[in-house]
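Everything on this sheet refers to the single structure shown next.
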Amino acid sequence: MERRAFLTGSLAVTGGVALTGTTALPASATESGGPIRLVGGARATGHYTANRAPLQKEAFLRLPPGSIIPKGWLRTQLDLQLNGLNGRMPEVSDYLTADSGWAVPSGVGWEELPYWLRGFGDLGYVTGDAATLELTKTWMDRILATRQSDGFFGPTSLRTSLNGLPDFWPYMPVLDAMRTWYEYSADDRIIDTLTGWLKFLDGLPGTQFGQGWGSARVGDTIDTAYWLYNRTGDAFLLDLVRTVHANSADYTHTIPTWHNVNLAQGFREPAQYGVLAGDPSFLAATHRVYDTVMGTYGQFPGGGFAGDENVRFGFHDPRQGFETCGVVEFMHSHELLTRITGDSLWTDRCEELALNTLPAALDPQHKGTHYVTGANTVQLDNVPKSHGQFNNSFAMQAYMPGIHQYRCCPHNYGMGWPYYAEEMWLASTDGGLCASLYAESSVRAKVGPAGGTEVTVTEQTAYPFDDTVTLTLSTPRPVRFPLYLRVPGWCQDPSVRIGGRPVKAATSGGYLVLDRTWQHRDTVQLRLPMRTTVRTWGVNDDGVSVAHGPLTYSLQIEEDWQQFAGTADWPEYEVRPASPWNYALEVDARDPARSFTFEHTRAAAADPFTQTGTPVRMRAKGRRLIAWQVDDQNVTAPLQPGPARTGETVEQLTLIPAAAARLRVTAFPTVGSGSRATDWAAVSASFSGVDSPQALLMNATAQPTDSYDQSLPRFTWWDHTGTAEWVAYTFAEPVRVSAVSVYWYDDTGHGACRVPQSWVLEYLAPDGSWQPSGGDPGYGTAKGAFVRVAVTPVTTTALRVRVQLQPGVSGGLLTWRVEH
């Protein structure tokens with residue numbers, strides 16, 4: 001389905017149900033790391049444009065574009081982007097032609113060009129690439145030339161495309177692009193154009209802000225209104241913010257949407273509005289939305305959540321994907337919240353996404369992207385998944401330019417690394433400087449009292465592959481200012497040296513603070529000792545992930561890259577596994593970190609997000625878990641309750657940073673034994689249509705409320721009706737079975753699935769034949785309850801439920817449990 005039209009119809013989706021309507025928020029949120037308290041308040045100066053009253057003072061400010069020069073591995077990523085899809089997008093995208101509605105108002109235009117331009121322009125600012133800067137100027141000139149007398153600009157069709165009134169959504173990313181262009185070029189046309197556009201919006205009925213995609217993403221418009229207000233002081237802008245907040249999607253009291261990109265952008269809106277309202281409850285609402293979403297659907301490593309379009313009840317396994325648009329929008333939200341709040345918690349979250357998920361959304365040469373990136377994904381192919389494994393049924397996993405296949409993501413991903421580079425260093429509003437995200441770089445900034453002193457700080461580091469950051473200051477004169485150094489949440493024992501001598505730094509929130517008079521060539525050495533940690537994800541069947549410092553590790557799977565289409569310049573790739581992937585880890589329960597050995601490789605860190613380029617790895621031990629398989633469409637099976645029983649031999653395993661792996665297993669089962677261990681099963685069925693039998697594995701411990709419980713994935717034989725069907729569990733090793741319990745799916749009043757006419761339980765005999773279970777089971781077909789069947793105990797490697805469907809209808813199950 002075309003993304004632009006996705007929400008115009010029902011949110012009921014193949015293979016499950018999208019979470020529709022609103023969801024109330026819990027009363028309290030997880031405590032954050034706490035905001036910073038700036039130390040140089042009495043010396044605060046106006047080196048950079050900050051919030052003016054009545055807006056609340058922010059902690060940090062973005063530096064002007066071009067102030068930060070990224071180097072090392074980050075520069076490599078930006079250079080790849082310059083020569084890759086984002087940098088050369090006009091070669092492949094017919095949305096960026098000179099007759100686009102953004103250049104010729106009578107033409108067609110929507111979000112694609114604005115998405116591309118905001119990343120592309122900032123790519124030029126951080127790299128200084130002349131061709132990129134020139135093309136950015138060309139597009140700015142074209143867009144600005146479309147301005148009308150009433151403030152409207154861009155495609156004429158957008159005036160009436162949203163229920164007869166303007167569609168304000170695609171303007172949000174283009175306003176971002178225009179703002180950074182102004183900050184880079186001081187082009188005064190931008191101020192006039194933004195003022196005219198926001199006055200145009202101010203004249204619309206307030207109810208219009210509750211319509212379309214923009215309703216869930218108005219935080220972007222609020223951000224632009226504040227930006228312009230801080231430069232012009234126009235009071236109408238604050239009234240517009242109040243109107244937009246009052247009429248748009250309500251994240252303050254509910255979760256009004258479960259679309260992943262809407263959430264990634266929209267959850268921050270209460271905190272943004274709180275900058276004007278001055279009420280801390282709005283920031284608390286943003287925390288609550290984040291905690292609610294991540295508390296169930298973000299329970300795997302990488303910083304994202306299970307949003308392979310819409311979040312769906314029950315679909316929170318690590319195999320679920322996170323849309324590439326969602327990745328970069330979530331990063332952007334965390335960056336913005338860092339500046340608003342001064343809470344390093346948000347920076348940690350941005351870093352987690354950037355260093356563990358974003359690189360895997362792109363092929364190693366940045367010539368293609370894919371629609372979704374999963375924490376556990378062992379095949380990336382161009383085959384639609386039709387059993388409801390993902391929210392969309394179109395092919396989403398192969399790497400390609402995907403201009404029309406993926407549409408939004410290829411155009412939007414480009415802001416990820418440039419924005420990250422621009423947020424590495426921030427100005428503090430007390431005349432100081434903050435090292436917020438670490439990578440080799442240099443920064444020019446004004447600091448200190450009065451008119452300020454321009455200093456340059458050079459950062460040398462191999463972070464996140466090493467724990468030491470060295471800063472060297474260049475200043476024309478001694479100058480006093482506070483230097484804030486973020487301490488990541490995983491770091492327990494940071495240390496600082498100045499000029500080679502240990503110093504005891506003050507702490508504020510998640511930062512070390514060095515407030516002193518600085519001299520030319522002063523050096524600061526920050527050490528952030530990294531340790532190995534093992535995290536258990538209880539929501540996802542006690543799967544575990546392994547991290548060292550900020551990097552999550554994946555099993556190293558040999559990758560077979562096959563170009564299936566495209567050209568030499570723009571190849572399209574499928575990636576298939578060429579080595580086993582289905583391992584459970586041997587983990588010492590008393591000291592999990594002891595189970596892993598961290599190593600440096602001989603690779604330089606220049607291009608670290610590839611299997612051959614990664615400078616770090618881990619050694620581990622594990623055993624094959626044969627019953628953990630892919631389904632009939634090569635989608636990784638969900639995790640099952642752990643620890644898992646396996647009789648396979650112990651093997652030495654290599655783990656690499658998840659960002660260096662395109663085929664990934666980052667959430668692992670663990671090996672168990674005795675009564676605590678679980679016998680995993682592979683599941684298959686006589687027919688899989690819109691619903692996958694994998695749902696029975698996902699629901700292994702579920703308690704349905706009734707036979708039409710829409711909060712759980714389901715398995716049905718739809719659209720087979722009146723037929724004989726079966727579903728089977730296959731075990732890697734013989735298991736002794738004494739009883740089973742089934743919970744039938746029945747959607748009477750809603751669809752054409754009913755409990756079966758009859759059924760039997762069969763086991764696989766040693767001769768390979770299926771035999772009926774012994775005893776007098778009494779096979780029931782009751783609705784709304786577990787039907788338990790006790791059988792004569794039998795040892796077998798497979799079980800199946802064989803059913804006869806009622807005439808004219810189909811059937812299915814919510815849960816099938818086996819008692820050993």
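Counting only residues that are in contact with a Ser or Thr (Cβ under 6 Å, 6 or more places away or on another chain) and in a helix (DSSP H, G or I), how many does segment 56-81 have?
Of the residues in segment 56-81, 1 are in contact with a Ser or Thr (Cβ under 6 Å, 6 or more places away or on another chain) and in a helix (DSSP H, G or I).
Which numbered condition trips up ASP560, out of (1) in a strand (DSSP E or B); (2) in contact (Cβ under 8 Å) with a residue 40 or more places away in the chain; (3) touching a Lys or Arg at 6+ places or on another chain (Cβ under 7 Å)?
(2)
Would you check if there is a residue in segment 589-609 being in contact (Cβ under 8 Å) with a residue 12 or more places away in the chain, surrounded by 22 or more Cβ atoms within 10 Å (Cβ to Cβ), hydroxyl-bearing (Ser, Thr, Tyr) and part of a loop (DSSP other than H, G, I, E, B)?
Taking every residue of segment 589-609 in turn, none turns out to be in contact (Cβ under 8 Å) with a residue 12 or more places away in the chain, surrounded by 22 or more Cβ atoms within 10 Å (Cβ to Cβ), hydroxyl-bearing (Ser, Thr, Tyr) and part of a loop (DSSP other than H, G, I, E, B).
For segment 567-603, which positions are among the small types (Gly, Ala, Ser) and in contact with a Phe, Trp or Tyr (Cβ under 8 Å, 6 or more places away or on another chain)?
ALA584
Those residues that are surrounded by fewer than 19 Cβ atoms within 10 Å (Cβ to Cβ) and either in a strand (DSSP E or B) or under 34 Å from the mean Cα position of the chain (by Cα) (or both), I need them from segment 720-734; list them, please.
Listed by number, the residues that qualify are ALA724, TRP726, THR730, GLU733, PRO734.
Output the residues belonging to segment 106-165 that are surrounded by 16 or more Cβ atoms within 10 Å (Cβ to Cβ), part of a loop (DSSP other than H, G, I, E, B) and either of a type in the set (Asp, Glu) or touching a strand residue (DSSP E or B) at 6+ places or on another chain (Cβ under 8 Å) (or both).
Within segment 106-165, GLU111, ASP129 meet the criteria.
Name, by its number, the condition in (1) crowded, with 17+ Cβ neighbours inside 10 Å; (2) at negative phi; (3) modelled with pLDDT under 95; (4) of a type outside the set (Lys, Arg) that does not hold for PRO488.
Status for PRO488: all satisfied but (3).
Just the residues that are crowded, with 17+ Cβ neighbours inside 10 Å and modelled with pLDDT under 95, please, taken from segment 450-485.
GLY452
Could you list all residues from segment 798-820 that are closer than 23 Å to ASP679 by Cβ and either surrounded by 15 or more Cβ atoms within 10 Å (Cβ to Cβ) or of a type in the set (A, V, I, L, M) (or both)?
Across segment 798-820, the qualifying residues are ALA798, LEU799, ARG800, VAL801, ARG802, LEU813, LEU814, THR815, TRP816, ARG817, VAL818.
Within segment 251-260, does at least one residue satisfy the condition of being of a type in the set (A, V, I, L, M) and not in a helix (DSSP H, G or I)?
yes
Quick check: anything in segment 482-493 touching a residue at least 60 places away in the same chain (Cβ under 8 Å), of a type outside the set (Val, Ile, Thr), under 29 Å from ALA667 (Cβ atoms) and outside any loop (DSSP other than H, G, I, E, B)?
The answer is yes; a qualifying residue exists.
Being aliphatic (A, V, I, L, M) and farther than 19 Å from PHE168 by Cα is the filter; apply it to segment 226-262 and report the residue that is surrounded by the most Cβ atoms within 10 Å (Cβ to Cβ).
Only one residue tops the list, namely ILE255.
Only residues that are farther than 11 Å from VAL126 by Cβ and touching a Pro at 6+ places or on another chain (Cβ under 7 Å): list them for segment 60-78, please.
Listed by number, the list holds a single entry, TRP73.
Could you tell me whether VAL665 is β-branched (Val, Ile, Thr), under 30 Å from ASP747 (Cβ atoms) and buried (at least 19 other Cβ atoms within 10 Å of the Cβ)?
Answer is no for this residue.
Here is a check on your reading of the model: is THR207 polar (S, T, N, Q) and either farther than 19 Å from ASN247 by Cα or buried (at least 19 other Cβ atoms within 10 Å of the Cβ) (or both)?
Spelling it out, it is not the case that THR207 is polar (S, T, N, Q) and either farther than 19 Å from ASN247 by Cα or buried (at least 19 other Cβ atoms within 10 Å of the Cβ) (or both).
Can you tell me which residue in segment 639-672 is nearest to ARG624 (Cα to Cα), limited to those that are among the small types (Gly, Ala, Ser) and in contact with a Ser or Thr (Cβ under 9 Å, 6 or more places away or on another chain)?
The residue in question is ALA644.
Being in a loop (DSSP other than H, G, I, E, B), at pLDDT below 95, crowded, with 17+ Cβ neighbours inside 10 Å and β-branched (Val, Ile, Thr), is that true of even one residue in segment 15-35?
Looking through segment 15-35, none of the residues is in a loop (DSSP other than H, G, I, E, B), at pLDDT below 95, crowded, with 17+ Cβ neighbours inside 10 Å and β-branched (Val, Ile, Thr).
Can you tell me which residues in segment 441-476 are outside any strand (DSSP E or B) and not small (Gly, Ala, Ser)?
Within segment 441-476, PRO449, TYR463, PRO464, PHE465, ASP466, ASP467, THR475, PRO476 qualify.
To keep it simple, each residue is scored yes or no on (1) under 30 Å from ALA702 (Cα atoms); (2) among the hydroxyl-bearing types (Ser, Thr, Tyr).
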| residue | (1), (2) |
| --- | --- |
| ASP542 | yes, no |
| GLU572 | no, no |
| VAL575 | no, no |
| TYR583 | yes, yes |
| VAL587 | yes, no |
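Checking the conditions here, which among PRO166, PRO155 is within 14 Å of LEU201 (Cα to Cα) and either in contact with a helix residue (DSSP H, G or I) (Cβ under 9 Å, 6 or more places away or on another chain) or in contact (Cβ under 8 Å) with a residue 40 or more places away in the chain (or both)?
PRO166
Identify the single condition in (1) within 24 Å of the chain's Cα centre (by Cα); (2) at pLDDT 95 or above that ASN540 does not satisfy, given that it satisfies every other one.
It is condition (2) that ASN540 fails.
Taking segment 263-282 as the search range and keeping residues that are buried (at least 24 other Cβ atoms within 10 Å of the Cβ) and in contact with a Leu (Cβ under 9 Å, 6 or more places away or on another chain), which one is nearest to ARG349 (Cα to Cα)?
Only one residue tops the list, namely ARG268.
The values are calculated or read from the model by the stated rules, or taken from the named source; none is laboratory data. Please read all numbers here as calculations on a predicted model, not as lab measurements. Here the Cβ is made from the backbone with ideal geometry for all residues, glycine too, and neighbour counts use every protein chain on show.
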